[in-house]
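> Dropping the structure in here first, questions after.
Please treat every number below as a calculation from the coordinates, not as lab data. This structure is a prediction, so every number in the text was calculated from the model and none was measured. Backbone-built Cβ (ideal geometry, glycine too); neighbour counts: all protein chains shown.
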Amino acid sequence: MCIRARPAQGVATTLWRCLEKLAAARGATKLTVDASDTAHPFFLSAAMSISSAVPSRAGGEWLARTLMQKALVESLEKVRRP
């Protein structure tokens, strides 16, 4: 069955939280992302911090991208709590 997604229904947030829990459970200490300008606000709302802003070239055009990261120490502690 295929369900058409609608904006602002929380699908990306739900997937992101699952990814954080899975990464923490597998022993990751941080998550990193190379975010586009479009995705940048989402990752800021997910408590990612900016590492650096880096321009990149794709198809003859310059695009802005932001390298972001988040430590998973808190997430790991939450996963291990009974």
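> Length gain on complete extension for the stretch residue 64 to residue 32, per 0.36 nm per residue less the alpha carbon to alpha carbon distance?
So the chain would gain 9.9 nm between residue 64 and residue 32.
> Give the Rg/Rh ratio for the stretch 30-80, taking Rg as the radius of gyration of the Cα atoms and Rh as the Kirkwood radius, to two decimals.
My calculation of the ratio gives 1.11.
> Go through 56-66, 29-39 and give me the packing order, highest mean Cβ count within 10 Å leading.
Answer by packing, highest mean first, reads 29-39, 56-66.
> Using modelled amide H (1.01 Å from N, peptide plane; none on Pro or chain starts), what sits under 5 Å from the amide H of residue 65, excluding residues fewer than 5 places away?
When sequence neighbours closer than 5 places are left aside, the close amide H contacts are 54, 56.
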